[in-house]
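Only one structure is covered here, and it is reproduced in the block below.
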Amino acid sequence: MFLDTAFLINDEIQLCLHNTVDGNPEKDWLPAYHFFICDRSGQKIGDCDLRIGHNDKTYYGGNIGYSIQEEYRGHHYAGKACLLLFELARKHHMDYLIITCNPDNHASRKTCEYAGGRLIEIAVLPEDNEMRLEAGETEKCIYRFEL
């Protein structure tokens, strides 16, 4: 199920596989790759992950998550990591991906726009959604990326 990821590199960053997680149908979790985002010398600058497939959880939680350490922000590293992850998603025969963020997270919204996302909606999270129950979040910007 999981593929070789050595090709996830460009002239600025590389995605270094940290681990993979099998899906859990009972919890409606999809299989996922977890990466360190590193510069070309191997210095860790952030993290990202890719969830393979689609369900209600990925509509509200996204197929891709990312974070960049504060001192490395402002260079589009998260967007560049997303572009690399799109290549891996294509190898899994996915034709689109969803990335979500909080409406007030302007940096993440810029990342989604940089990577070519189309804002579908600002969705109100369902009452039983884990992000609402555990973190008190109420809305998500839903971006769709055609692959």
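Just so it is clear, none of the values below were taken in a lab; they were calculated from the coordinates. Remember, it's a predicted structure, so these values are computed and weren't measured experimentally. Neighbour counts run over all protein chains shown; Cβ positions are idealised from the backbone, glycine included.
What shape does the range 56-128 take by its C-alpha gyration tensor, where a ≥ b ≥ c are the square roots of the eigenvalues and a/c under 1.5 counts as rounded, a/b above b/c as prolate, and the rest as oblate? If you can, show how the numbers build up before the last one.
Numbers: a/c = 1.89, a/b = 1.10, b/c = 1.71.
It comes out oblate by the Cα gyration axes.
Sort 57-68, 113-124 by packing, meaning the average of other beta carbons within 10 Å per residue, with the highest value first. Show your work: numbers first, answer last.
Numbers: 57-68: 20.2, 113-124: 14.5.
Ranking the peptides 57-68, 113-124 by packing returns 57-68, 113-124.
Once every DSSP H run of n ≥ 4 in the chain is given -39500 (n - 2.57) and the sum is divided by its residues, what mean residue ellipticity at 222 nm do you get, rounded to the nearest 500 deg cm²/dmol? If you can, show how the numbers build up before the last one.
Working: 4 runs with 36 residues, N = 147.
After summing the helix terms and dividing by the residues of the chain, the value is -7000 deg cm²/dmol.
Multiply the residue gap between Arg40 and Lys27 by 0.36 nm, knock off their C-alpha separation, and tell me the result in nm, one decimal place.
Numbers: separation 13, 0.36 × 13 = 4.68 nm, distance 3.65 nm.
Full extension of this stretch gives 1.0 nm more.
Using Cα pairs under 8 angstrom and six or more residues apart, how large is the relative contact order of the range 52-147, in percent?
On the way: 129 pairs, mean separation 31.5, N = 96.
For the range 52-147, the relative contact order is 33 percent.
Could you list, bin by bin from short to long, the percent of Cα-Cα pairs of the range 1-93 in 5 Å steps?
Here the calculated profile for the range 1-93 is 3, 14, 26, 25, 17, 11, 5, 1, 0.
When the chain is treated as a GNM, springs tying every alpha-carbon pair under 10 Å, which of Asp49, Asp11, Asp95 comes out with the largest mean-square fluctuation?
Asp11
Hand me the tally of lysine pairs in the chain: alpha carbons under 19 angstrom apart, and the pair either on different chains or 8 or more positions apart.
Details: Lys27/Lys57; Lys44/Lys80; Lys57/Lys140; Lys80/Lys91; Lys80/Lys110; Lys110/Lys140.
Lysine pairs satisfying the spacing and distance rule in the chain number 6.
Ignoring solvent entirely, what values of log10 I(q)/I(0) come out of the Debye formula for the range 41-96 at 0.13 Å⁻¹ when each Cα is a single scatterer?
-0.37
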